[in-house]
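Single-structure report; data block below.
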Amino acid sequence: MSVPRPGTPGRSEESDSDPDDGPGASDGQRLATRPFIDLVIAQLWFGFAYATFLLLPKLLAADYHAGAGQVGFVMAAFGVMSLAASPAIRPVIGRLGSRGTMRAANLVLAASALGFLAMGGANLFAAFLRGLQGVAWALAFGGGMALCAQIAPPARLGQALGIFGAASLAMSALGPALAEPLAARFGAHAVFIVAALAALIGAYRCGRLPADEPHAANDNAQPRRRDGRWEAVWARMPIYVALATISLAGSALFSFVAPCALASGVGDVQAFFVAYTVAALTSRFGIARVVDRTGHRPASAGAGLLYGAAVGAMAVLGPFHLVLVGAVFGVAHGIIYPSLMALVLTDVAARDRPRLLGWANGVMNLGIVALAPLGTLIQRTSYATAFGELGAVTSLMALVLLAPAGRRLRRALGWS
């Protein structure tokens, strides 16, 4: 198990034994258990329903003639309402349980998808429906991550979070790949109906998930650490700021790659999503165990620099090399999210996970909220300017908040 050193969450010493799943693995270390498999399957259905809406910016721009500012306004509503829902994650999980919270997430997502059938353009109603998807994401994020931490052996937490997230990643390719030709042949309404059906199946599959345990068997907290409510959050502030930054960078690529391509006469963007997903899954599964052994902080620092390079590449290459940009972006994404989430959850008691996960969800949505002013910036300048500046900020964040170069500043502020 990765045991954090006192005062430095995420800086870990590895145990000598880290068995793989399989016949020789002890029951306490097996990851491929029935509850974990059911969790991944449920996340696949939610992820597919959610991923079909990665095509929403293109639908708004192509079918409803929305500009960058309007697209940014609608997409930012996801972050606004998800952020507003973040404080409720812990009480909702306490009342419904993690399983019930994930079911509620699928039902909210289905309701939003059906609501888009009545959308008339990139207006306030569309923003509200996109905001409901933010609420659904907040619920799925909190409930799913809490279940993942409950089910997975502590020594395999980073790998478990990576696989859980990979379920959504896989759908990032499949969703747009199916939705784009579906929308071209039958219109946007067909996409919304398919998304609603997938979310309803996901809600049904949540019934197979395990109930919360009164006394979690996989409690990752170390007895010596007795952080107060604010101290635990403050110690993880570099991680939260990093999550907010990469959330903005990633959301900017997802939201504006299609309008940017359309503005340059490139109509097909599914290659970007396919390249991104294949690269992200490859990096996540290919080096997940290596990251668990060598440390999540150095891995997240390197991935943050690569993340910034991918966003900056859009400023230099434009929409004419989407496969290359998507591949670089996917490699970085596949590493940084599970690494940062492992840093958030390491050495945390089961009872405190929902609160810290709520903070993580909140800061990520702050990044998404920033899509609105970013859309305005694009209208006043250009896509290249916005992508270039955002790539530089992301790389700087990785150097200061995650890399060894910023260690002195972090210690001066009482951060780990």
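The values are calculated or read from the model by the stated rules, or taken from the named source; none is laboratory data. What you see is a predicted model, and the numbers here were worked out from it, not measured in a lab. Ideal geometry is used to build each Cβ from the backbone, glycine not excepted, and the neighbour counts take in all protein chains shown.
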ask   = Would region 290-297 turn up any residue that is in contact with a helix residue (DSSP H, G or I) (Cβ under 8 Å, 6 or more places away or on another chain) and of a type in the set (Gly, Ala, Ser)?
value = no
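When you scan region 227-334 for helices (runs of 4 or more DSSP H) that lie fully inside it, which ones turn up with 2 or more residues that are among the aromatic types (Phe, Trp, Tyr), surrounded by fewer than 19 Cβ atoms within 10 Å (Cβ to Cβ) and over 17 Å from the mean Cα position of the chain (by Cα)?
On the way: elements: 229-235, 237-263, 270-294, 296-317.
The helices (runs of 4 or more DSSP H) meeting that bar are 229-235.
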message = Against the conditions (1) closer than 29 Å to Tyr276 by Cα; (2) buried (at least 22 other Cβ atoms within 10 Å of the Cβ), where does Ile89 fall short? Just the number, please.
response = (1)
inquiry  = Can you find, within region 82-122, the residue that is farthest from Arg353 (Cα to Cα) among those that are within 19 Å of the chain's Cα centre (by Cα) and polar (S, T, N, Q)?
reply    = Asn106
remark   = Across (1) modelled with pLDDT of 80 or more; (2) in contact with a Gly (Cβ under 9 Å, 6 or more places away or on another chain), Asp212 clears everything bar (1)
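Which one of Gln159, Gln133 is surrounded by fewer than 24 Cβ atoms within 10 Å (Cβ to Cβ), among the polar types (S, T, N, Q) and within 28 Å of Gly326 (Cβ to Cβ)? Steps first, please.
Working: Gln133 fails: surrounded by fewer than 24 Cβ atoms within 10 Å (Cβ to Cβ).
Selected residue: Gln159, the only one of Gln159, Gln133 that is surrounded by fewer than 24 Cβ atoms within 10 Å (Cβ to Cβ), among the polar types (S, T, N, Q) and within 28 Å of Gly326 (Cβ to Cβ).
Just need a number here: residues in region 41-65 that are surrounded by fewer than 22 Cβ atoms within 10 Å (Cβ to Cβ) and modelled with pLDDT under 90.
Narrowing region 41-65 to residues surrounded by fewer than 22 Cβ atoms within 10 Å (Cβ to Cβ): 41, 44, 62-65.
Then keep just the ones that are modelled with pLDDT under 90; that gives 62-65.
Adding up the residues that qualify gives 4.
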